[in-house]
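To start, the structure under review is shown below, and the notes come after it.
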Amino acid sequence: MEPLPALFAQRMRDLLGHEAEELLAALDSPRGPAVRLSPLRGAVAGLASRLPWPTAPVPWCPSGRLVEAASSEVASHPFNDAGVYYQQDPAAMAVAEALAPQPGELVVDLAAAPGGKATHLAALARDGALVVANDVDERRARSLLGNVERLGVTAAVVTSARPERLGGALLGACDAVLLDAPCSGEGMFRRSDEARRAWSEAGVGRHAELQRRLIATAADLVRPGGRLVYSTCTFDPREDEEVVLWLLGRRPDFRVEPLDLPGAADAS
Ligand code: SAM
């Protein structure tokens, strides 16, 4: 693989001290795939027992399984086409679990394509919440729609609009909103040379600015007492903690909740 960007490695050393070497080594070591089984296609335990590969549980996601197989084999298996599972990184499975959507709720996923988290949200609510899954990119919204259908979700609306344009009837009306924001993609370094090449210090700053705009829009959709989950697949605090702190400064009616997921450390 391409070497990790030197400035990124330095930033992680500044941020994490002696723990940085563990992170950097992990990003340079390959890891097998994981799948999230769709309870809309059958009971999870039954589906898991029919997977043709050895598997191990994902502590924070009861429908997630680490799989001992090549990623291409998992992607080309008929179970994938049938929507029995969605191939997804284990860390990404924590996001919808944190939002914990309930049947009867109105849930919005503002940056939803290709649908890993939107389909997970729908599954957690047993397809009984109304999930509005939006992505600004029309081509990506089409693949989102395909995945929503493949995974057996029926109570979803797929839209392709700039987040600020969603407003309208959704303003202050949503029980739960997810912003899985576009980011500098440092979490992709483990499996993507392209992510390593595309990273730049300026990109982190640009993304942080966009993320502040998007999180303000996301917060406007949440009803009083509702929930907002903000996630990225990047480590830089300027795109993570600092975006959340910026929102808290602007919206004192929001507060940070502890994350209580099995196997996940609380860093609040
Ligand atoms: N939540 C998705 C999932 O789990 O499959 C992944 C979302 S990805 C991290 C971020 C998404 O943000 C992309 O699909 C991209 O099209 C969208 N996006 C990019 N620029 C945007 C912008 N300016 N406003 C809103 N969304 C944007």
Looking across the stretch 215-230 at residues that are surrounded by 21 or more Cβ atoms within 10 Å (Cβ to Cβ) and touching a residue at least 60 places away in the same chain (Cβ under 8 Å), the single one that is nearest to L99 (Cα to Cα) is V229
Per the filter on the stretch 109-140, residues over 20 Å from Q88 (Cα atoms), away from the ligand (no atom under 12 Å from the Cβ) and part of a loop (DSSP other than H, G, I, E, B) are G128, A129
Listed by first then second residue, the pairs whose first member lies in the stretch 198-211 and is surrounded by fewer than 15 Cβ atoms within 10 Å (Cβ to Cβ), whose partner is in a helix (DSSP H, G or I), with beta carbons under 8 Å and at least 6 positions apart or on separate chains, are E201/L7
G263: passes all of (1) surrounded by fewer than 20 Cβ atoms within 10 Å (Cβ to Cβ); (2) at pLDDT 95 or above; (3) small (G, A, S); (4) farther than 20 Å from R11 by Cα but (2)
Considering only helices (runs of 4 or more DSSP H) wholly within the stretch 141-225, the ones with at least 3 residues that are more than 30 Å from Y85 (Cα to Cα), aliphatic (A, V, I, L, M) and within 14 Å of the ligand (Cβ to nearest atom) are 201-221
Checked the stretch 2-58 for anything under 21 Å from K117 (Cα atoms), in contact (Cβ under 8 Å) with a residue 24 or more places away in the chain and among the small types (G, A, S); matches are G32, A34, S38, G42
Apart from one, (1) more than 16 Å from V95 (Cα to Cα); (2) more than 17 Å from the chain's Cα centre (by Cα) all hold for E186; the odd one out is (2)
When the stretch 140-169 is checked residue by residue, the ones that are over 20 Å from the mean Cα position of the chain (by Cα) and modelled with pLDDT of 95 or more are T154
Take the conditions closer than 22 Å to G115 by Cβ and out of contact with any Asp or Glu (no Cβ under 6 Å at 6 or more places or on another chain) and apply them to R191. Does it pass? yes
- prompt: For the stretch 24-31, does any single residue satisfy the condition of being closer than 28 Å to L179 by Cα and in contact with a His (Cβ under 9 Å, 6 or more places away or on another chain)?
  reply: no
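The values are calculated or read from the model by the stated rules, or taken from the named source; none is laboratory data. Keep in mind that this is a model prediction, so the values were computed, not measured. No Cβ is skipped: glycine too gets one built from the backbone with ideal geometry, and neighbour counts run over all protein chains shown.
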